[in-house]
Amino acid sequence: MKKTLSLLASSTLITGLLLSSCVSSKKFQASEANVDRLQKENTSALGRLNDCNTQVKKLNDEKSALQNENAAVQSDLNVLSAETKMTIADQAKRLKSLQGMIQAQKDVMNKLKNSIADALMNYKTDELSVYIKDGNVYVSLEEKLLFKSGSDVVDPKGKEALKTLAGVLNSTRDVTVMIEGHTDNVPIKTKQFKDNWDLSTARATSILRILTTDYGFAPNRITASGRGEFHPVKSNDTAEGRAANRRTEIILSPDLSELYKLLNQ
């Protein structure tokens, strides 16, 4: 009986131990699985953290680059603003100088026009006229004062007018002279002149030679050209209009070299 109880107790103890061992093994396996899961989650979290740190660094770098770019832009704007202010100041100064030169040229040409008009005041209005147009002084001499019909030889009365004009021009500096011959539209064809253009050019050249050779005007300040019938001042349909178109214009222009220098600065 005692032996039987002892065997039963031993059997019960062994069974308990086996059961206890089985339960501990399951818990251990569960713990290992849990540790493995936690390690994986930790690795994933570290990966995400690294990604976040990389993104933050990238954003900081972009922010720094943007700040540097903004600083560079602001610097350029400051320089541009300073240059713009200087440019505006320079332009204002240049404009003032330009206006002063233009006004001075106007004053010179007005004085010249008045001097010529006073010198030629003894001639009739249907013989010559003096006026300002486009900043130039025009001395318009009618055909009957200078030439016989179809001729380029200047009459004595015309030479006297040119002598008086040359006296004013020779005392005036910084003025260039253009002589333009004009005719009406009545065709001309002679042994000497093929057409009105030829005649107008010859007349302008005759006056040029008188002013330079006879009255000492500087040849490098004078030019001659013929414009024929193509720039009438009145209609050629009437005798009065044709007479007005048969003219020689002496155009006096101011020297604009200083003005051009200022504009090209």
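The values are calculated or read from the model by the stated rules, or taken from the named source; none is laboratory data. Everything numeric here is computed off the predicted structure, so don't read it as measured data. FYI the Cβ positions are ideal-geometry reconstructions off the backbone, even for glycines, and counts take in every protein chain you see.
Using the structure shown, decide if residue 71 is at pLDDT 70 or above, out of contact with any Pro (no Cβ under 7 Å at 6 or more places or on another chain) and surrounded by 10 or more Cβ atoms within 10 Å (Cβ to Cβ). The answer is yes for residue 71. Yes or no: residue 62 at pLDDT 65 or above, surrounded by 10 or more Cβ atoms within 10 Å (Cβ to Cβ), among the acidic types (Asp, Glu) and not assigned by TED's automatic domain parsing to the domain that holds residue 134? Yes; evaluated as a whole, the condition is true for this residue. Filtering 167, 135 for residues that are assigned by TED's automatic domain parsing to the domain that holds residue 230 and within 38 Å of the chain's Cα centre (by Cα) leaves a single hit, 135.
Of everything in the range 99-153 that is touching a helix residue (DSSP H, G or I) at 6+ places or on another chain (Cβ under 6 Å) and in a helix (DSSP H, G or I), the residue that is surrounded by the most Cβ atoms within 10 Å (Cβ to Cβ) is 146. Annotation note: Cβ proximity below 9 Å between a residue of the range 229-246 that is over 20 Å from residue 203 (Cβ atoms) and among the charged types (D, E, K, R) and a residue that is modelled with pLDDT of 95 or more and in a loop (DSSP other than H, G, I, E, B) (sequence gap 6+ or interchain) occurs for 240/234. Among the residues of the range 186-211, those identified as surrounded by fewer than 18 Cβ atoms within 10 Å (Cβ to Cβ) and polar (S, T, N, Q) are 190, 192, 205. Counting the residues of the range 166-220 that are among the β-branched types (Val, Ile, Thr) and free of Cβ contacts under 8 Å to residues at least 60 places away in the same chain gives 9.
Every test in (1) touching a helix residue (DSSP H, G or I) at 6+ places or on another chain (Cβ under 6 Å); (2) closer than 26 Å to residue 122 by Cβ; (3) charged (D, E, K, R) is passed by residue 203 save one, and that test is (1). On the stretch given as the range 211-231, residues that are among the acidic types (Asp, Glu) and within 30 Å of residue 187 (Cβ to Cβ) total 1.
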